[in-house]
Amino acid sequence: MSNDPRELIDFHEQQEDRPAGSRGWLIVLMVLLGAVLTLVLGLLSALAFGTAAHLQDWAGESMVVSGKYQTLTKDLVTQDYNGIYAGVMPRNHLVAEHPFDNRLNDPVKKAEGDQITFRGTQTGAQDGDFPHEVDALVAVQDGKLTVVETDVPGSYGAEGVTDSTVTGQRTKAVALGVGALACIALTAWGVRRVHRGVRAGV
């Protein structure tokens, strides 16, 4: 074994460089992870704000109708097909005030408990592409009750879109936005801590 002091100094410097290098990679990973989480939370926040704005027009002017799949029909816009669903008109003051447009026939007046059919908003090419059961969000548009969206049962609650629904979406959007800002702050704090450790070890 050599007793050359220069070799001992070189060995000692190499040992100190290793943890500093690993901390450098740790900083890179922290920044990447923080950036990804911030982006995801930011996008979710923007989507929640968009949903709140989308639902605002229907607050207090909508109701929910549950439907079971019957058959399919040509979509009104695309080359795909929409599902046709059968349901029952619920109890709601809007039913007596507006005719129902099922997007299949001319609008007609309906009453609570009447059997109705309506066109779903999902598209597909065959029966298997459509859910067996849906909830339809029926809202007032141009003076008529129209199915504006269909989705899985429970998507619109029991009463349709209310002011509390919109408020809930906005609260969710704010919480996600705060989460994105917190992620930025935590990433910056963690990078500073690690960087100080690297400098202290030099």
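The values are calculated or read from the model by the stated rules, or taken from the named source; none is laboratory data. All of these numbers come straight from a predicted model, not from anything done at the bench. All Cβ positions, even for glycine, are placed from backbone atoms using ideal geometry, and neighbour counts span all protein chains on display.
If you filter region 59-93 down to residues that are in contact with an Asp or Glu (Cβ under 9 Å, 6 or more places away or on another chain), touching a residue at least 24 places away in the same chain (Cβ under 8 Å) and in a loop (DSSP other than H, G, I, E, B), you find that the one that is farthest from Thr162 (Cα to Cα) is Asp80.
Anything in region 144-169 that is charged (D, E, K, R), closer than 21 Å to Ala111 by Cα and either at pLDDT below 85 or not assigned by TED's automatic domain parsing to the domain that holds Ile84 (or both)? List them, or say none. Hit for region 144-169 is Glu159, nothing else.
A single member of Ala173, Ala188 is of a type in the set (Gly, Ala, Ser) and within 17 Å of Val40 (Cα to Cα), and it is Ala173. Looking only at region 107-121, residues that are of a type in the set (D, E, K, R) and in a strand (DSSP E or B) come to 1 in all. With the requirement that a residue be part of a loop (DSSP other than H, G, I, E, B), small (Gly, Ala, Ser) and farther than 27 Å from Asp129 by Cβ, what does region 145-182 give you? Correct list: Ala158 only.
One line per residue, one yes/no per condition, for (1) under 21 Å from the mean Cα position of the chain (by Cα); (2) surrounded by fewer than 20 Cβ atoms within 10 Å (Cβ to Cβ):
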{"residue": "Gly120", "(1), (2)": "yes, no"}
{"residue": "Thr123", "(1), (2)": "yes, yes"}
{"residue": "Gln141", "(1), (2)": "no, yes"}
{"residue": "Asp151", "(1), (2)": "yes, yes"}
{"residue": "Gly154", "(1), (2)": "yes, yes"}
{"residue": "Val161", "(1), (2)": "yes, no"}
{"residue": "Thr165", "(1), (2)": "yes, no"}
{"residue": "Gly177", "(1), (2)": "yes, yes"}
{"residue": "Cys183", "(1), (2)": "yes, no"}
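Condition check ((1) touching a helix residue (DSSP H, G or I) at 6+ places or on another chain (Cβ under 7 Å); (2) surrounded by fewer than 18 Cβ atoms within 10 Å (Cβ to Cβ); (3) charged (D, E, K, R)) across all residues:
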site: Tyr69; (1), (2), (3): no, yes, no
site: Thr73; (1), (2), (3): no, yes, no
site: Leu76; (1), (2), (3): no, yes, no
site: Tyr81; (1), (2), (3): no, no, no
site: Ala86; (1), (2), (3): no, yes, no
site: His93; (1), (2), (3): no, yes, no
site: Glu97; (1), (2), (3): no, yes, yes
site: Asp101; (1), (2), (3): no, no, yes
site: Pro107; (1), (2), (3): no, yes, no
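One residue alone among Ala185, Ala96, Ala139 is without any contact (Cβ under 8 Å) to a residue 40 or more places away in the chain and either outside the structural domain of Gly34 (by TED's automatic domain parsing) or part of a strand (DSSP E or B) (or both), and that residue is Ala96. Scanning region 53-86 for residues that are modelled with pLDDT of 95 or more and of a type in the set (D, E, K, R) yields one hit, Lys68.
Inspection of region 54-63 identifies no residue that is loosely packed, with under 13 Cβ neighbours inside 10 Å and among the aliphatic types (A, V, I, L, M).
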